[in-house]
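One structure is given here, and the rest of the page talks about it.
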Amino acid sequence: MPLTLPNLPYALNALEPHIDAKTMEIHSQKHHKAYVDNANKAIDGTPFANWTAEELITKLAELPEDKRGPVRNNAGGHVNHSMFWTVMAPHNAGGGGEPTGELGDLIKTAFGGFVEFKTAFAAAGVGRFGSGWAWLCWNKDAKKLEICSTANQDNPLMGKAIAGCAGVPLLGCDVWEHAYYLNYQNRRADYLAAWWNVVNWGQVAKNLAAAKG
Ligand code: MN3
């Protein structure tokens, strides 16, 4: 089955004023759609046409060499954006605030506190040169939370050799200019500061539970 563009779980203007409707429209309906279309183009008629997007990006090494680049970029873009929409929510649907329960405790253990976590995560996003993502991941071996960043549409699921970091992503923030330029222009740090107002910690906690299995 071809990969499909998911519907946003809220209206295009639901994340305003932190993320404007026009940015959400172009980002979800044009940018994300292009990743889906181009990933489908790359896998159409191949033996891996039925793989899920997650399988495609975790098993890049099993693909023929000429498919690896297009799948890395486009299935990567599809996985990253599919998560991005779900880890955000308007305030009346759980956006913003602070993580509680086990997730809150693990953040305290790994980073010293929520404020320290936000500082480190924003530094990963601001420090990513060019385009890419900042991530909060679950390290299965060390059994702890970690922050990292990847270039372009790489995802920690691709593994350290490809993405530069590994782990199960629980929360991802898109720091490509297309994610913020209309509203924030060159002010990536301001976008990252505002982004906490829309983070859906309930979904991140669900992602943690799934990652821990
Ligand atoms: Mn994007």
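The values are calculated or read from the model by the stated rules, or taken from the named source; none is laboratory data. Computed from a predicted structure; not experimentally measured. Cβ: placed from backbone, ideal geometry, glycine included. Neighbour counts: every protein chain shown. Note: accessible area is taken over every heavy atom of the protein model, side chains too, but ligands, DNA and RNA are not part of it. Shrake-Rupley method; radii C 1.70, N 1.55, O 1.52, S 1.80 Å.
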Take the conditions in contact (Cβ under 8 Å) with a residue 24 or more places away in the chain and within 14 Å of VAL198 (Cβ to Cβ) and apply them to HIS18. Does it pass?
yes
Among the numbered conditions (1) open to solvent by 10 Å² or more (accessible area, probe 1.4 Å); (2) more than 15 Å from GLN203 (Cα to Cα); (3) within 16 Å of the ligand (Cβ to nearest atom), tell me where MET24 comes up short.
(1)
Long-range neighbours under 7 Å by Cβ, at least six apart or interchain, first residue in a helix (DSSP H, G or I) within segment 35-51, second open to solvent by 30 Å² or more (accessible area, probe 1.4 Å):
VAL36/THR4; VAL36/LEU5; ASN38/PRO70; ASN40/PRO2; ALA42/LYS67; ALA42/PRO70
Could you tell me which numbered condition CYS148 fails, if it satisfies all but one of (1) closer than 13 Å to VAL126 by Cα; (2) within 14 Å of the ligand (Cβ to nearest atom)?
(2)
All-but-one check, PHE117 against (1) farther than 19 Å from VAL87 by Cα; (2) in a helix (DSSP H, G or I), failing number (1)
Look through VAL126, VAL175 and report the one residue that is closer than 21 Å to ASN80 by Cβ, crowded, with 21+ Cβ neighbours inside 10 Å and at pLDDT 95 or above.
VAL175
Criterion first (over 22 Å from ALA14 (Cβ atoms) and either in contact with an Asp or Glu (Cβ under 8 Å, 6 or more places away or on another chain) or within 16 Å of the ligand (Cβ to nearest atom) (or both)) does ALA75 satisfy it?
yes
Would you be able to say whether some residue in segment 55-62 is modelled with pLDDT of 95 or more, within 16 Å of the ligand (Cβ to nearest atom) and surrounded by 15 or more Cβ atoms within 10 Å (Cβ to Cβ)?
yes
Among (1) open to solvent by less than 50 Å² (accessible area, probe 1.4 Å); (2) within 16 Å of the ligand (Cβ to nearest atom); (3) more than 29 Å from ASN13 (Cβ to Cβ), the one test that MET88 misses:
(3)
What helices (runs of 4 or more DSSP H), lying completely within segment 134-210, carry at least 2 residues that are touching a residue at least 40 places away in the same chain (Cβ under 8 Å)?
181-184, 188-195
Residue by residue through segment 52-72, note down the ones that are within 15 Å of LYS41 (Cβ to Cβ) and in a helix (DSSP H, G or I).
ALA53, LEU56, ASP66, LYS67, ARG68, GLY69, PRO70, VAL71, ARG72
Kindly provide the set of residues from segment 73-101 that are in a helix (DSSP H, G or I), within 18 Å of the chain's Cα centre (by Cα) and not hydroxyl-bearing (Ser, Thr, Tyr), ordered by number.
ASN73, ASN74, ALA75, GLY76, GLY77, HIS78, VAL79, ASN80, HIS81, MET83, PHE84, TRP85
